[in-house]
1. For region 191-201, give me each residue that is part of a helix (DSSP H, G or I) and surrounded by 24 or more Cβ atoms within 10 Å (Cβ to Cβ).
2. Inside region 429-472, can you point out the residues that are acidic (Asp, Glu) and closer than 15 Å to Ala489 by Cα?
3. Scan (1) under 24 Å from Pro171 (Cα atoms); (2) assigned to a helix (DSSP H, G or I); (3) modelled with pLDDT under 90 for the single condition Ala133 breaks and write down its number.
4. Looking at the structure I just gave you, is Arg624 more than 22 Å from Ile509 (Cα to Cα) and open to solvent by 40 Å² or more (accessible area, probe 1.4 Å)?
5. Filter region 495-524 down to the residues that are part of a loop (DSSP other than H, G, I, E, B) and farther than 27 Å from Lys433 by Cβ, then identify the one that is least open to solvent (accessible area, probe 1.4 Å).
6. Inspect all residues belonging to region 71-80 and state whether any of them is surrounded by 16 or more Cβ atoms within 10 Å (Cβ to Cβ) and under 18 Å from the mean Cα position of the chain (by Cα).
7. If we scan region 528-542, do we find a residue that is open to solvent by 40 Å² or more (accessible area, probe 1.4 Å) and outside any strand (DSSP E or B)?
Amino acid sequence: MASVSRDSRVQLVRQALHDVDLPMAEVDLILERLTQSNVIDDHLFSTLTSADPDLFILLFVLTGIVSDPKIPEPSVAILFSQVESHFDELSELGEGIYWHLTGHLLWREDRAFYQALHHLNNSLAALGGAEDARANPYLARVHDSLGQLSYNMGHIEDALLHFQAAIDLRPKEADDFGKAITFGNLGRAHMDLGNWGEAIKFFGLDLQIVRNHFNHLTRIQTQLLSHLGSCHLEDGDLQEAKNQYEKGRDLALRDENDLGQIHCMIGLGKAAVLSERLEEAMHWRNQVVLLLEEQAPTSAHQDLMAHHSHLSGLICSANGDLPQAHQYFTEALQLIRQSGHTSAIELAGFLLDSSKCSSALGDRDTTADLLAEALTQLDSTSAVARRVQVEAQLKAQFRDRWILHTSRRLSGGRSFESLLDRTGAEGFSVEKKQVAVLFADIRGFTKISEGMDPEDLISLLNDYLSSMIRSVSFYEGYVVHVLGDAVMAVFTLPESHADDADRALLAAITMLEENRRLNALNSGKYAPLKMGVGLHFGEAVTGLIGSALKRSYTLIGDVVNISSRLEGLTKVLGVPVLVTDEFSRAVRSREDYMLLPLGNFRLYGREEAISVLAVLGKKDHNPRVAKFQEQIEKANAALEQFRAGLFEEAAALFLELRQDTGITGFQYLADRARHYQSHPPDDGWSGAIELETK
């Protein structure tokens, strides 16, 4: 059905809001905000039809107001509640929009990485199965959000892939505002990676769209001009950098945009220093001081103070006043670290300028520290030329520090110092600890690898392992081994913590979501990867194991064997994550998770049975939690009948659960129940299923 006129869209929205029983004043406010911000005319709203149900229209409204600070939070909550109470009535497109909006909120308001990623992945899955033609353009928004999530987590290369996917999905002749957002995101990502030419290209495309279609957004234009100036400055084109900064300053001056002026004047000052025009540089520095004095102390103000101190350090250094320059550089580093708004490559620039000053002052220890830290920052970027240059300098001047840095790359930075502490006489001893152990593996990886080009295989495996190891590190776990496609991690060595099991569980379900995200990015290129994760909690013997020639820090014990076997059991039971009852009891936030009992099993070669549970995820904002809870209760009832020897009744419930959940493990349990019905177990049977293979 054809879309309707603007006036008709307004009427459709008004009617849908009235049906929710919002106060008239709030309905008017929402409509006013939607029209003032031109959301009512954006690409998504322009596709509304008279056949769209009110529930769907409410979702469209939420896309326009969910980030609007002028809309009262209770109004937004009422609209979400209305949608969630009729969630089962949503189409795939409606579900996709809902999961996207809730994922966006979970990250923006709660900084809940796993939950946000889970909801955004659900959005991708729902939209991917939608027949509505509007699903594909909306997918671009989801990839933008995934890109921003990855960007904010420091995963810049992943962010670039999502932003590029967003560009590819956006309609060629429409959605200019959406394209401008994505071009800006691509520019910032390339800027943070040191890809100055690409950053200039995308900032230029963004600026062109804004000027042609949204010329009133002058503050955005100022920001883009400042970014373009910075990119040209880093790329060595000082004259073009000056041109862009001057345009941005003129625009900010007309707008009375003090922050925009400060950004551009700091850039003009740096360009003047590099062009050896020190009087001009001092002029811009002094102008910045006057404007900074009028600013309220905020995180943005702190970031600008850092850049002002850095500019002052550059000027003093150029004038030969090294002690004063050192003081300014030290201030700049302290402020930029505190601000939380800096990128790895920007911080590396601050560190390198400071290292030059320390070297000129003859302070070798400080110079080595600054160079090593700069190299650590550059390791996360694609600024290859600069990284090679800094690494060569560190290796030539401070070989011991370079060896330490390289060793950290091989062993994992967070654990390296503690491992060094244990390599002496006391390090050869072992100790017992209560730990949570995680095993993860790709299912059927041998078969997958047989049909792949070796280079593609290594690329895919590196992407997968990077995401898995990152998930472990994010929750402060320690990766003990990487064997092919398998990962073994422990929470936590060398010191144990009360929340080790909680963090291990979050790492496991985050690994699953990262794998879902990678599969979406690689759709059509590689077959989707499926993985299994096993988790157990118990005592392990830990320490440096090996010979005097080669030692590695590892752990040994039943907890390791059981978690490994549990990972293998995920294939049998058809679920991605399995935990033992001992593990679940160690999780302090157990009530926050949906844990589905799957019975007791006697692992091959073991006498004692273990109780196994599948992890369905966190309860968070999932509107299907009540349904999951019903399935958990039914599973408990089926297992009780199974243990009581009521095999026919148990089999019937297992088959219902197989139908309800799609989990193939319930078919396996139904088959076992039928087997016991015709071949009764021995007297005194404990209710455990004996596994005959590893």
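1. Scanning region 191-201 gives Met191, Ala199.
2. Here is the first cut: in region 429-472, the ones acidic (Asp, Glu) are 431, 441, 450, 453, 455-456, 463.
Residue satisfying the conditions is Asp441 alone.
3. Tallying (1) under 24 Å from Pro171 (Cα atoms); (2) assigned to a helix (DSSP H, G or I); (3) modelled with pLDDT under 90, Ala133 fails exactly one: (2).
4. Judged against the criteria, Arg624 is not a match.
5. Of all residues in region 495-524, those part of a loop (DSSP other than H, G, I, E, B) come to 495-499, 522-524.
When the remaining residues are screened for being farther than 27 Å from Lys433 by Cβ, the result is 522-524.
On the way: Asn522: 26, Ser523: 91, Gly524: 87 Å².
Residue satisfying both the conditions and the ranking: Asn522.
6. Looking through region 71-80, none of the residues is surrounded by 16 or more Cβ atoms within 10 Å (Cβ to Cβ) and under 18 Å from the mean Cα position of the chain (by Cα).
7. Yes, region 528-542 has at least one match.
Residues checked against (1) among the hydrophobic types (A, V, I, L, M, F, W, C); (2) part of a helix (DSSP H, G or I):
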| site | (1), (2) |
| --- | --- |
| Pro597 | no, no |
| Glu607 | no, no |
| Val612 | yes, no |
| Leu616 | yes, no |
| Gln631 | no, yes |
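The values are calculated or read from the model by the stated rules, or taken from the named source; none is laboratory data. No experiment lies behind these values; they were computed from the predicted model shown. Reconstructed Cβ throughout: ideal geometry from the backbone, glycine too, with neighbour counts over all protein chains shown. Keep in mind that these areas ignore ligands, DNA and RNA; they rest on the heavy atoms of the full protein, side chains included. Shrake-Rupley method; radii C 1.70, N 1.55, O 1.52, S 1.80 Å.
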